[in-house]
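Everything below concerns the one structure shown next.
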Amino acid sequence: NTYSVYLGDHMLNQLKTVVLLGLLSGVLLAVGWLLGGFNGLTIGLIFAIVMNFGSYWFSDKFVLMVYRAKKVSKKDYPELVSIVKEVAHLAQIPMPQVYIVPSEQSNAFATGRNPKHAVVACTEGIMKLLSKDELRGVIAHEMAHIKNRDILIQTIAATIAAVISYVGFIARWGAIFGGFGNRDRDGGNILQFLVLAIITPLIATIIRLAISRSREYLADETGAGFIKNPQALASALAKLHNSSHHNKMKLGSEATSSLFIINPFTSKNLFALLSTHPPMEERIKRLKHMKF
């Protein structure tokens, strides 16, 4: 029964992602229409496709460079590489390359355009903090992101949101320089400005972050299923969360925070809708209720 509940939650999270991506795409279509009918719509779609292509092929190299990650072998980190190999076998995916990030913060992330070109990166801090079973739980979480193709999904969501935000930026500058005509006499133009410049970028951001949180829940569930040990991942998350208050990430950018197993830059967010990760208490609670 418990496993059936897990499968139900798994399917629900997958469905939630499809619905949210559909909503985000719908917002983009609406923005294109408001910007200029079919012509504006076409321009928005072309722009999104080009940005998606670039992000899909090159984002992993950029992220690894930003975090100064170094590729390691079994000779350098025998336990870590062995765990990655073991979990990759359980997940039935090719073994990813293994990287180490020179940071004392305890964290990890996965990147790469598909399972054949994937990377798992761990910080130096996480290697010191977690037990072997807890580290296996974290690696399983990252393998789940790879298996579920979350890097591609997040790239698509981020790209669409970026296009919408870019249109909002153009609309705001257009308003400053009179690009929306005489708004005092044209109520339609005022409404169009509000939608393009303020409302749609905010909606796009909220939807993108909701997708990010949904995929984190899914990766927790999928990863725990790989190793049949949800308690190990729950214990690891509790340690990572407590440790994040003491060691801040000094590398990278908040724009990449959704890649990590916990947010590397903020320990709390007062606005749940604007958080890249679900509440830690809820993640741990869900894992503790899982049984295999």
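The values are calculated or read from the model by the stated rules, or taken from the named source; none is laboratory data. A quick note: this is a predicted structure, and the numbers were derived from the prediction, not measured. Counting neighbours? That spans all protein chains shown, and the Cβs are built from the backbone with ideal geometry, glycine included. The protein model used for the area step is the full one, side chains on, heavy atoms only, and it has no ligands, DNA or RNA in it. Shrake-Rupley method; radii C 1.70, N 1.55, O 1.52, S 1.80 Å.
Figures for the structure shown
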| quantity | calculated |
| --- | --- |
| Residue match in region 108-120 (condition: over 26 Å from H245 (Cβ atoms), charged (D, E, K, R) and either modelled with pLDDT under 65 or under 18 Å from the mean Cα position of the chain (by Cα) (or both)) | yes |
| Where N229 falls short, out of the listed (1) surrounded by fewer than 16 Cβ atoms within 10 Å (Cβ to Cβ); (2) at pLDDT 85 or above | (1) |
| Long-range neighbours under 7 Å by Cβ, at least six apart or interchain, first residue within 24 Å of P230 (Cα to Cα) within region 60-87, second buried (at least 20 other Cβ atoms within 10 Å of the Cβ) and of a type outside the set (A, V, I, L, M, F, W, C) | I83/R136; V84/P96; V87/R136 |
| Candidates M127, M95 - the one that is at pLDDT 95 or above, of a type in the set (A, V, I, L, M, F, W, C) and open to solvent by 60 Å² or more (accessible area, probe 1.4 Å) | M95 |
| Hey, V31 of a type in the set (V, I, T), at pLDDT 95 or above and either open to solvent by less than 80 Å² (accessible area, probe 1.4 Å) or assigned to a helix (DSSP H, G or I) (or both) or not | no |
| Pairs, first closer than 14 Å to A91 by Cα and charged (D, E, K, R) in region 107-123, second open to solvent by less than 10 Å² (accessible area, probe 1.4 Å) and in a strand (DSSP E or B), C-beta under 7 Å, six or more apart | none |
| Region 213-237 residues that are assigned to a loop (DSSP other than H, G, I, E, B), paired with ones that are open to solvent by 10 Å² or more (accessible area, probe 1.4 Å) (beta carbon under 6 Å, 6 or more apart) | K228/F292 |
